[in-house]
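The values are calculated or read from the model by the stated rules, or taken from the named source; none is laboratory data. On a predicted model such as this, the values are computed, not experimentally measured, just so you know. Here the Cβ positions follow ideal geometry from the backbone for every residue, glycine too, while neighbour counts run over all protein chains shown. Calculation scope for accessible area: heavy atoms of the full protein, side chains included, ligands and nucleic acids excluded. Shrake-Rupley method; radii C 1.70, N 1.55, O 1.52, S 1.80 Å.
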Amino acid sequence: MLLAASESALGPTLAVIIGIGMLAQWLAWRTQVPSIILLLVAGLLLGPVFGVVDPDAFLGGTLFPVVSLSVALILFEGGLDLPPRELRSTGTVVRRLITVGAVITFFVGIWGAEQLFDISRGAAAVLAAVLVVTGPTVVGPLLRFVRPNGRTGPMLRAEGILIDPIGATAALVAFEVALTEDTGEALSTILGVVGLTLVAGIGIGFLVAYVLDQAMRRFLIPDHLGNPIALAFVIVAFVVSNQVQEEAGLLTVTVMGIWLARRDSAAVRSLLEFNESIRTLLISALFILLAARIETDQLQDVALPSLAFLALLVLVARPLSVIASTIRTSLTWRERVFLMSMAPRGIVAAAVSAIFALRLEEEEVRGAEVIVPVVFLIIIGTIVVYGFLAGPIARRLDLAEAHANGVLIVGAHAVARGLATALRDLEVKTMLVDTDPYNVTRSVALGLPARRMSVLTEEASHDLDLRGIGRILALTSNDEVNALATSRFSRQFGRRETFQLAPNEERRNGALPEELLGRIVGIDGIDYATIDERARQGWRVRSATATPSIDAMTEGGLFMPMARVFEGQLSFICHNDPVPTQGMVIGLAAPSVQKELDGENVVEK
């Protein structure tokens, strides 16, 4: 190995892992490929192919404790990102997936392992229990890539978070039972492990979360220490729970996150944003370490049986689990099929399998040595299968779109309606949102999708049909609402795709902080007062082919470009952008040039 051979190489090794991980994340964003696939490829290149990184030499005996702590932080962030409303709306299906579905996967896994590998029933049970888990380390990145609409995304996210502690506990139970010969003793072992896990995991989780919650409510923790102290609470709670009962820590941190998610406060939102950044770093590093640790010689003997085992899990276990978990629910057949097409395994399976396989080998349990290589191959296989198929399946089922090219327009006044109509005529999807019933009624009369609601409510992001919507444009008369709307949806669309009108002159001079604003629409920055005044003077929204005449009209103050559609792709024209020279340009046109633009077959609102 080139790195991790000495203490002096620790810094370079860490720099390589983090640097390559972030490069893979960026390339995934640019190329629209699932990030975890590129991370696995990077890990394989750094580890077994070129021998640049050796995770065991890099971290030594601390490798699995570091992995466990990292997973704990990721699970805490996942629980924190599960609002109570989302849990309630998906509760029945999720409860069944993590109970009935997990049991089905477990028994199908045991049968398959015994048929395909030279393995004892005890080792097969541990292998099957480990592969029950999916996990936010893999489900989260895939959901961000696919962006399914409706209920399936929240269901899969909740399943991935809640199944991890269940799978880890099941693996512990299977391990204990594998070493027990007496049936009565095995039953008491199961009851004892499960009971203590529930008591320690839920009890400590609620207690620590309550203390942290009260400390934040009473402002006993200063803002600059809020995030680090919260992370300290998570780590301490995780370690204490594991000391009380092995593998109970994962349940503890999940409970903590869900409890704190009840509070929609600035402190919790800040903690969530902070943890999201940490999560990205941890997932990148963990997948590279996981892939770099693979020994190709170890995988050769189990490669073919593992492919058959992968097919069994993907084509039999997952469909049966979903069918049993969705009986007598309101899910459509499309939603059920998509749930069947998403069950990748991740970091928790790798970490737990390595720990229990080593112990089973020490006890000379037959087949224990195949657990780790099989789990690694299943992890890689499920990531590749679901990573490449989930997106096309979701789009084929009309649950997602390849390119979210549409726009959510906040405000449904005359100019907003005109813009939405022009975009519709160019086959760009729009959704108008306004609190004024007149504006909404006028929009619906024009055949435009519109909803009467405040975009700032918690329900907005859940209740709106955002299929094909990939950006937001805030056009209201209220500068604060525009800023808050773009800020709220920046987590969903990304700051690059949040646009708004310029604040009025007073707020531009410091009353409204610039960091709260989205990207300002208009070459010179258009504010509401300007579009309202122009609308009263007879200016109307027009679209026309980008030609020198459009440039001349803009220079002469007769046309205000706002957007461009080129090769079917929408882009907004922002502050200091040049006048487009290609595609269709949409903007506000003065009365004196409207007939000329209408002559170019442009449709008015």
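Observations
- Some residue of the stretch 338-347 being within 23 Å of the chain's Cα centre (by Cα), of a type in the set (Lys, Arg), at pLDDT below 95 and under 27 Å from Arg96 (Cα atoms): yes
- Extreme residue, modelled with the highest pLDDT, among residues of the stretch 471-521 that are of a type in the set (S, T, N, Q), within 25 Å of Ala394 (Cβ to Cβ) and open to solvent by 10 Å² or more (accessible area, probe 1.4 Å): Ser490
Residues checked against (1) under 22 Å from Thr92 (Cβ atoms); (2) of a type in the set (A, V, I, L, M):
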position	(1), (2)
Trp111	no, no
Glu114	no, no
Phe145	no, no
Pro165	yes, no
Val177	no, yes
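- Residue count for the stretch 326-347, restricted to those that are open to solvent by 10 Å² or more (accessible area, probe 1.4 Å), in contact (Cβ under 8 Å) with a residue 12 or more places away in the chain and in a helix (DSSP H, G or I): 5.
- Among the candidates Ile355, Ile379, Ile393, the residue that is within 24 Å of Ala72 (Cα to Cα), at pLDDT 85 or above and either open to solvent by less than 10 Å² (accessible area, probe 1.4 Å) or assigned to a helix (DSSP H, G or I) (or both) is uniquely Ile379.
- In summary, Gly135 fulfils each of the numbered conditions (1) modelled with pLDDT of 85 or more; (2) within 16 Å of Ser321 (Cβ to Cβ) with the single exception of condition (1).
- Filtered by the rule that a residue be of a type in the set (A, V, I, L, M) and open to solvent by less than 60 Å² (accessible area, probe 1.4 Å), the stretch 207-240 gives Val208, Ala209, Leu212, Ala215, Met216, Ile221, Ile229, Ala230, Leu231, Ala232, Val234, Ala237.
- Against the test of being assigned to a loop (DSSP other than H, G, I, E, B) and open to solvent by less than 10 Å² (accessible area, probe 1.4 Å), the options Leu423, Leu448, Leu408 yield a single qualifying residue, Leu448.
- Answer residue from the stretch 281-300, given it is out of contact with any Pro (no Cβ under 8 Å at 6 or more places or on another chain) and of a type outside the set (A, V, I, L, M, F, W, C) and is least open to solvent (accessible area, probe 1.4 Å) among those: Ser284
- Odd one out for Gly468 among (1) closer than 28 Å to Ile523 by Cβ; (2) more than 21 Å from the chain's Cα centre (by Cα); (3) open to solvent by less than 70 Å² (accessible area, probe 1.4 Å): (2)
- If you go through the stretch 552-583 and pick out every residue that is assigned to a loop (DSSP other than H, G, I, E, B) and of a type in the set (Phe, Trp, Tyr), you end up with 0.
Here's the yes/no breakdown for (1) surrounded by fewer than 23 Cβ atoms within 10 Å (Cβ to Cβ); (2) touching a residue at least 40 places away in the same chain (Cβ under 8 Å):
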residue	(1), (2)
Val49	yes, no
Asp54	yes, yes
Thr62	yes, no
Leu73	yes, yes
Val100	yes, yes
Val108	yes, yes
Ser120	yes, yes
Val126	no, yes
Pro136	no, yes
